[in-house]
Amino acid sequence: MAAKLRKGDKVVVLAGKDKGKEGTISSVDPKAGKAVVDGINIAIRHTRQSQTSQGGRLPQANPIDLSNLALLDKNGKATRVGFRMEGDKKVRFAKTTGDVIDA
């Protein structure tokens, strides 16, 4: 199945403790149906000091479910994603405006 949300997409959180916040997807795990968004779903991880890195309490972005994310269109509003054929190429488009997301 084609991915509706991909790495680099600007998204808004629909549910959870970070509802309403916006960010950019840094990685997607399609098998688990989760994505890591910069600055969203932050948790403190206690890490031991090593030769290369200082230890301590480090904030880390945890994965969030894809169903709790919505793509932002060019107007900055949440939209659903659809697929259509343009010529012989399958493209994603925003359902609210009908604009192609990645040309």
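The values are calculated or read from the model by the stated rules, or taken from the named source; none is laboratory data. Treat the numbers as computed from the prediction; the structure is a model and nothing was measured. Using ideal geometry, Cβ is built from the backbone for each residue, glycine included, and neighbour counts are taken over all protein chains shown. Quick note on the areas: whole protein, heavy atoms, side chains included, nothing else; ligands and nucleic acids left out. Shrake-Rupley method; radii C 1.70, N 1.55, O 1.52, S 1.80 Å.
I'd like the residue in the range 7-64 that is among the basic types (K, R) and in a strand (DSSP E or B) and, out of all such residues, is nearest to K77 (Cα to Cα).
Residues of the range 7-64 that are among the basic types (K, R), as a first pass: 7, 10, 17, 19, 21, 31, 34, 45, 48, 57.
Now restrict to residues that are in a strand (DSSP E or B): 10, 34, 45, 57.
Values: K10: 11, K34: 21, R45: 33, R57: 35 Å.
Among residues in the range 7-64 that are among the basic types (K, R) and in a strand (DSSP E or B), the one nearest to K77 (Cα to Cα) is K10.
Which one is modelled with the lowest pLDDT, of the residues in the range 73-103 that are within 16 Å of G23 (Cβ to Cβ) and open to solvent by 30 Å² or more (accessible area, probe 1.4 Å)? Looking at residues that are within 16 Å of G23 (Cβ to Cβ) and open to solvent by 30 Å² or more (accessible area, probe 1.4 Å), I get G76. Residue count for the range 15-47, restricted to those that are under 13 Å from N68 (Cα atoms), in contact with a Lys or Arg (Cβ under 9 Å, 6 or more places away or on another chain) and open to solvent by 50 Å² or more (accessible area, probe 1.4 Å): 1.
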